[in-house]
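> Dumping the structure here so I can ask a few things about it.
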Amino acid sequence: MGYSLAWLATRGKPIESLLAELHLRRTGTVGEYTDEPIVGAPLEGGWYLLVARGCDHRMITDSVLKTISRGCRMIACSVEEHMTWSLTMEWDNGREIWSVYHQGDEEVHNLTTSGALPDFFASIRDEIMAEQAAVGGADAGVDCVFEAPLEVARRITGFRHSSDENVVEPFEILLEAMPAKPPRPWWQFW
């Protein structure tokens, strides 16, 4: 079984503000991201983590990231292990700073980047490309390059979706609470 997840970690924004902007509400009930549609938990270093089922969850669309990253730093990640597809982005105050993207179903050495990447990115890329070459390159039947965006996210936030080393308080189950529709005018029947 492979993961299909979207997650984001914010620092510098009150948790309640973040949840309100995403139309999420707390339940006070503990759960795991492997079992629940969406969960949240604080991380070390002042980050707050949200993990949602599905690599294409609405919370990591550009329009949502632009809005919820206002007033904070944010790392967003999308993982589709079935297709060896991974993406990590940093957003800060409403704009994307950088992104690292791997689409392994296209080509194992595929690693697309944009923006001003973290200083440590080059060492991650070089190490992972060397690891891919050591196992047999493009014909190895394994995709080491898939790890690059995920390792960048881990180095910044401390979270890795498939690691037992995560220092995360228990996850809290969150529920999607869509905003209330404005009342219809008294004269409108439909």
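The values are calculated or read from the model by the stated rules, or taken from the named source; none is laboratory data. A quick note: this is a predicted structure, and the numbers were derived from the prediction, not measured. Methodologically, a virtual Cβ is constructed for each residue, glycine included, from the backbone with ideal geometry; neighbour enumeration extends over all protein chains shown.
> Which pairs turn up if I take residues in the range 72-100 that are under 10 Å from Trp7 (Cα atoms) and look for partners that are in a helix (DSSP H, G or I) and hydrophobic (A, V, I, L, M, F, W, C) with beta carbon separation below 6 Å, at least 6 apart in sequence or on another chain?
Ile75/Ala153; Ile75/Ile156; Ala76/Ile60; Ala76/Leu65; Cys77/Ala153; Ser78/Ile60; Thr88/Val152; Thr88/Ala153
> Okay, moving on. For Ala177, work out the one condition from (1) farther than 19 Å from Ala6 by Cα; (2) at pLDDT below 95; (3) touching a Lys or Arg at 6+ places or on another chain (Cβ under 8 Å) it doesn't fulfil.
The number of the failed condition is (1).
Table: residues versus (1) β-branched (Val, Ile, Thr); (2) more than 27 Å from Pro170 (Cβ to Cβ); (3) surrounded by 21 or more Cβ atoms within 10 Å (Cβ to Cβ).
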position	(1), (2), (3)
Arg26	no, no, no
Tyr33	no, no, yes
Asp56	no, no, no
Ser69	no, no, yes
Met74	no, no, yes
Met83	no, yes, no
Ser99	no, yes, no
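> I'd like the full set of residues that are surrounded by 12 or more Cβ atoms within 10 Å (Cβ to Cβ) and either farther than 18 Å from Ile97 by Cβ or of a type in the set (Gly, Ala, Ser) (or both), limited to the range 124-136.
Result: Glu127, Ile128, Met129, Glu131, Gln132, Ala133, Val135.
> Quick check on the range 133-149. Is at least one of its residues in contact with a Pro (Cβ under 9 Å, 6 or more places away or on another chain) and within 30 Å of Ala20 (Cβ to Cβ)? Write out each step before concluding.
Filtering the range 133-149 for residues in contact with a Pro (Cβ under 9 Å, 6 or more places away or on another chain) gives none.
Looking through the range 133-149, none of the residues is in contact with a Pro (Cβ under 9 Å, 6 or more places away or on another chain) and within 30 Å of Ala20 (Cβ to Cβ).
> Got a number for residues in the range 107-127 being touching a Phe, Trp or Tyr at 6+ places or on another chain (Cβ under 9 Å) and either closer than 18 Å to Thr84 by Cβ or in contact (Cβ under 8 Å) with a residue 40 or more places away in the chain (or both)? Break it down stepwise before answering.
Residues of the range 107-127 touching a Phe, Trp or Tyr at 6+ places or on another chain (Cβ under 9 Å): 108, 110-118, 121.
If we keep only those that are either closer than 18 Å to Thr84 by Cβ or in contact (Cβ under 8 Å) with a residue 40 or more places away in the chain (or both) too, we end up with 108, 110-113.
So the answer is 5.
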